[in-house]
Ligand SMILES: Nc1ncnc2c1ncn2[C@@H]1O[C@H](COP(=O)(O)OP(=O)(O)OP(=O)(O)O)[C@@H](O)[C@H]1O
């Protein structure tokens, strides 16, 4: 395994709740080059956000290792670090400083890309969720990364704004890789170059997109069969 590879090595990640135990990864391995475009298809609630967060450095596995090297982004559009009482502009300046990025350039870029107008200078607590998303996405585009982590979707908002986000993200991929977790085969096909399916706590790497789509559809069908079976018992 090359020194610069990133990803998951024999990783176990589980959550213990009062009377429940959820295994997200079970000694799973998926290593890749930071410039790869890796897409992982996972069913709803299978652990996609947890996995994206682990690669971004939020949280740790229970066992095994998450390998990180180079600049790995936080999940695209992540807005959890914003301070509600500070303006969008002030939040962006602070994060730009922490990321050691040129704050004036970053702030000007975010102001323009987010299309927030005067709201950019108002406190975050006055923002709607889509305004927060636009601020978060614009910030993700302004801070350089070698590998972009994406949880679910690229950008939010109106179709035209989402299209603008997708174009900006595709441009970033000219010089960077990505790790994209999604439950949408359409999105996986659009952005991915290597594909895996999250199955029973493991990453199942597939030859190509068609094989990943087939494996994912089989999982969806099995989930539907199980649901019908449970509903059948409930109706008996
Ligand atoms: N901090 C936590 N403590 C306990 N359980 C958690 C925690 N975080 C996530 N989970 C559980 O782990 C499972 C996977 O959650 P996660 O959000 O990673 O899945 P997901 O595939 O991103 O979900 P979705 O498709 O709904 O976006 C869920 O059952 C969730 O309830």
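The values are calculated or read from the model by the stated rules, or taken from the named source; none is laboratory data. Computed from a predicted structure; not experimentally measured. Backbone-built Cβ (ideal geometry, glycine too); neighbour counts: all protein chains shown.
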Can you find a residue in region 11-24 that is out of contact with any helix residue (DSSP H, G or I) (no Cβ under 9 Å at 6 or more places or on another chain), over 30 Å from residue 129 (Cα atoms) and more than 16 Å from the ligand (Cβ to nearest atom)? no
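Quick one: which residue in 59, 70 is on the phi > 0 side of the Ramachandran plot, within 16 Å of the ligand (Cβ to nearest atom) and either out of contact with any strand residue (DSSP E or B) (no Cβ under 8 Å at 6 or more places or on another chain) or modelled with pLDDT under 95 (or both)?
Details: 70 fails: within 16 Å of the ligand (Cβ to nearest atom).
So the residue among 59, 70 that is on the phi > 0 side of the Ramachandran plot, within 16 Å of the ligand (Cβ to nearest atom) and either out of contact with any strand residue (DSSP E or B) (no Cβ under 8 Å at 6 or more places or on another chain) or modelled with pLDDT under 95 (or both) is 59.
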Determine whether residue 110 is away from the ligand (no atom under 16 Å from the Cβ), farther than 30 Å from residue 66 by Cα and surrounded by 13 or more Cβ atoms within 10 Å (Cβ to Cβ). yes
When you scan region 25-48, how many residues do you find that are within 14 Å of the ligand (Cβ to nearest atom), surrounded by fewer than 20 Cβ atoms within 10 Å (Cβ to Cβ) and either without any contact (Cβ under 8 Å) to a residue 24 or more places away in the chain or at positive phi (or both)? 1
Taking residue 51 as meeting all but one of (1) more than 10 Å from the ligand (Cβ to nearest atom); (2) touching a strand residue (DSSP E or B) at 6+ places or on another chain (Cβ under 8 Å), write down the number of the exception. (1)
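I'd like to check something: does region 91-100 contain any residue that is within 21 Å of residue 175 (Cβ to Cβ), surrounded by fewer than 20 Cβ atoms within 10 Å (Cβ to Cβ) and within 17 Å of the chain's Cα centre (by Cα)? Steps first, please.
Step one: filter region 91-100 for residues within 21 Å of residue 175 (Cβ to Cβ), giving 96, 99-100.
Next cut, surrounded by fewer than 20 Cβ atoms within 10 Å (Cβ to Cβ) only: 99-100.
Still in the list and also within 17 Å of the chain's Cα centre (by Cα): none.
Within region 91-100 (the criterion being within 21 Å of residue 175 (Cβ to Cβ), surrounded by fewer than 20 Cβ atoms within 10 Å (Cβ to Cβ) and within 17 Å of the chain's Cα centre (by Cα)), the answer is no, since none of the residues qualifies.
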Among the residues that make up region 223-236, is at least one of them at pLDDT 85 or above and surrounded by fewer than 14 Cβ atoms within 10 Å (Cβ to Cβ)? no
In region 113-154, how many are within 23 Å of the chain's Cα centre (by Cα), more than 24 Å from residue 190 (Cβ to Cβ) and crowded, with 18+ Cβ neighbours inside 10 Å? 5
Report, by residue number, each residue of region 181-214 that is more than 15 Å from residue 29 (Cα to Cα) and surrounded by fewer than 17 Cβ atoms within 10 Å (Cβ to Cβ). 184, 186, 189, 190, 193, 207, 208, 210, 211, 214
Any residue that is part of a helix (DSSP H, G or I) and either more than 16 Å from the chain's Cα centre (by Cα) or over 22 Å from residue 162 (Cα atoms) (or both) - is there at least one of those in region 40-50? yes
